[in-house]
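Okay, structure first, notes after.
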Amino acid sequence: MFRRFTLYIDIIADVSDYPNILKTIEDFAGLCEPITNISNTLEKPNFIYDLIIIDYKKIRLSGDDFARIKSSYSKAILYNVPHEQKLLEQLYENGITTALREDFFEFELSSAIQNFMHYEILTMENTLLDNLFKSAQNSIVITDRKGNIQYANPYFERLSEYNKNELIDNSPRIIKTKQHTLDFYRALWETINSGQVWEGIFINQSKNGLLFYEEATITPIRNSHGHIEKFLKIGKNITRERMLLDELSKEVKLAKNVLEAFLPSNHLDSHIKFNYKITAFNELGGDFICFKATPTGTYHMALIDVMGHGPSSAMVAIAVAQMFLDHTNMYTLEENILLINKMLCNVNRDNPDNEKFVSALFIEIDQNTHLINYANMGHPDFLVTDECHQVHAYTSNNMILGVLELTKIQVDVLNGSNVRRIIGFTDGFYENDDIALDEAIQILKELLTQDESSENLFLKFDDQLHIKDDATLFVLNLNK
């Protein structure tokens, strides 16, 4: 119940009646704020007061006084009124319907004041609720137990393009579309008929055939016996958001196609077999991979994991990969990575609220010298199997990219003559299953000791995942 309504009350009464009158009024102080004014004369207030209480013995009223009461007060209670038919008729003609005669009982005056207070408070509550519903920028609909509309606020009228007369006693089926299944409506009714609140999204149709989306809650309303009597639906129009989301989805799908165009093809020649698998958490992930084979017998590969998801992370991943590939013929691996790190630090400096840090594994294989150079920039371990089918794990030898300006990168070297296979993965491989890095490495080691083919590794990789993050696995086989 709403509280603290202000009621303005004038009192012209005998001093002996004040305690009873004031106590009766003050009993309602928890529900409203009564402001009383005690006077000996009838004076026109500055605005319309809610009530005037007059002892007719205290002040004799004329015809002009009756007219003043009618224009200045919403309600008048007179007591000690002489039993004169002409006077009572005059009171009635001026809208004064509560007149207690001279032989009234004290409780009659209290009851008359109480009735006024109850009625006025209920009226104010209903007025406030009505104004609230009318001004609400959400659709509000009340139906009976069968679902027939009993109330619809102006916002819903504008949204549905049906007026009140067309909606009242009609069913919400008037705006129904074929977008929802029978199971959708069956579940809805089962929920609200069981007394629970239903939440969901409606796809409805206006009178002119336009679709609109509502994020709605339907709440059962119970009567004093605890039985469900009505249903209250409050809906938020999310049509614009849904349209923007649909447009964004189209843009993201287009961006994904563009992103996939940057990904390398699997590679196979007399020296190297390279293949990989990327599983994205959403349409655009932060994982990326690049691979380049040169005519001189060198191979360059980078596995990139940008912290975060979405278009910005994907663009950063592409930028890192493109810089790496573009610089392979101009710079050493160390120089190349230093330039990439400088670029990322500059990006993060200009965008402190959306920093992009990158873990990456860079590998260069020279088939002429049989040397393998690598730099692990804060990335998970990568695995190497040797000619004896022993599996070795190589941990990170540098910090992640984009955090600090670096002057040196540690590049380590493997003897390619003794390397049979290289396997690398991003953290999604183990974070998706909430397992530790050591456990993930052990899983791959067990698979590798079984001499699994690349295809079988990818199948096991898919079986292992319960996608919560981007995940990538690559396999480099050195053909002997």
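Every number here is computed from the coordinates shown, using simple stated rules; none is lab data. This is a predicted model, so every value here is computed, not measured. Here Cβ is always computed from backbone atoms with ideal geometry, including for glycine, and neighbour counts include all displayed protein chains.
Odds and ends about this structure:
- For Phe212, nonlocal amide neighbours, meaning residues 5 or more places apart or on other chains whose placed amide H falls under 5 Å from its own, are Asn204, Gln205, Ser206.
- Within the chain, helix-based [θ] at 222 nm, where runs of 4 or more DSSP H residues each add -39,500 (n - 2.57), nearest 500: -11000 deg cm²/dmol
- Region 5-135 - charge dipole about Cα centre, Lys and Arg +1 at Cβ, Asp and Glu -1, debye rounded to 20: 300 debye
- Extreme residue, positive dipole direction of the chain, given options Ala321, Phe425, Val403 (C-beta unit charges): Ala321
- Remark: region 307-405 carries a charge dipole of roughly 280 debye about the Cα centre, counting +1 on each Lys and Arg Cβ and -1 on each Asp and Glu Cβ.
- 25 Å Cα-Cα reach of Lys408 towards lysines, excluding residues that sit fewer than 8 places from it in its own chain: Lys292, Lys342, Lys356
- Overall, the chain carries a charge dipole of about 1340 debye about its Cα centre when +1 sits on the Cβ of Lys and Arg and -1 on the Cβ of Asp and Glu, all other atoms neutral.
- In terms of the mean number of neighbouring beta-carbon atoms within 10 Å, the peptides 413-425, 76-88 order highest first as 413-425, 76-88.
- Positive-end residue, the chain charge dipole about Cα centroid, Cβ charges, pick of Val384, Pro45, Asn479: Pro45
- Close amide H contacts of Tyr162 (hydrogens built in the peptide plane, cut-off under 5 Å, sequence separation of 5 or more or a different chain): Lys207.
- The residue list Ala67, Ile365, Leu259 was ranked by how far each Cα lies along the charge dipole of the chain toward its positive end, using unit charges on Cβ atoms, and Ala67 comes out on top.
- For q = 0.07, 0.10, 0.12 Å⁻¹, Debye-computed log10 I/I(0) when each Cα of the chain counts as one equal scatterer: -0.66, -0.88, -1.03
- Once backbone amide H atoms are built at 1.01 Å from N, Glu355 has no partners under 5 Å, excluding neighbours fewer than 5 places away on the same chain.
- Relative to the current alpha-carbon distance between Ser111 and Leu182, full extension at 0.36 nm per residue lengthens the span by 20.0 nm.
- For the chain, share of DSSP beta bridges that run antiparallel, in % to the nearest 5: 80 percent
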